[in-house]
């Protein structure tokens, strides 16, 4: 296991574990990555994976095994993933200190060193 790239809060880990159980993915890894796209150029991805790729960093938090690929790692450094509950429901929030701009809908961003591939909103 390697050094942690990002942080998953306890609230987010409870939600992720519930989703793993609901989808019968208890033995899966959580893959967190960054893709090109969105109005600001980059967007986040989170999903379950069953294989560790050659360029992945693997670390564990709150009993969840997390994978981050080498291209996403510098962009996700020091990111905090949380889960917030409100009257309108709940959702994951991503706090990225590397982001210098984000779109109005909050689903895409860019960093000083990576503008990504901006698209129309």
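The values are calculated or read from the model by the stated rules, or taken from the named source; none is laboratory data. Just so you know, these numbers come straight off a predicted model, no measurement behind them. Heads up, the Cβs are rebuilt from the backbone with ideal geometry, glycines too, and the neighbour counts pull from every protein chain shown.
Summary of values
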| quantity | calculated |
| --- | --- |
| Members of the range 63-78 that are in contact with a strand residue (DSSP E or B) (Cβ under 6 Å, 6 or more places away or on another chain) and assigned to a loop (DSSP other than H, G, I, E, B) | 72 |
| Checking residue 35 against (1) modelled with pLDDT of 95 or more; (2) loosely packed, with under 15 Cβ neighbours inside 10 Å; (3) within 21 Å of residue 99 (Cβ to Cβ), the condition it does not meet | (1) |
| The range 91-106 residues that are farther than 17 Å from residue 45 by Cβ, paired with ones that are surrounded by fewer than 17 Cβ atoms within 10 Å (Cβ to Cβ) and modelled with pLDDT under 90 (beta carbon under 8 Å, 6 or more apart) | 100/112; 104/121 |
| Subset of the range 52-69 that is closer than 17 Å to residue 34 by Cα and in contact with a helix residue (DSSP H, G or I) (Cβ under 7 Å, 6 or more places away or on another chain) - its residue that is surrounded by the most Cβ atoms within 10 Å (Cβ to Cβ) | 68 |
| Meets criteria (in contact with a helix residue (DSSP H, G or I) (Cβ under 6 Å, 6 or more places away or on another chain) and either modelled with pLDDT of 95 or more or surrounded by 15 or more Cβ atoms within 10 Å (Cβ to Cβ) (or both)) for residue 18 | no |
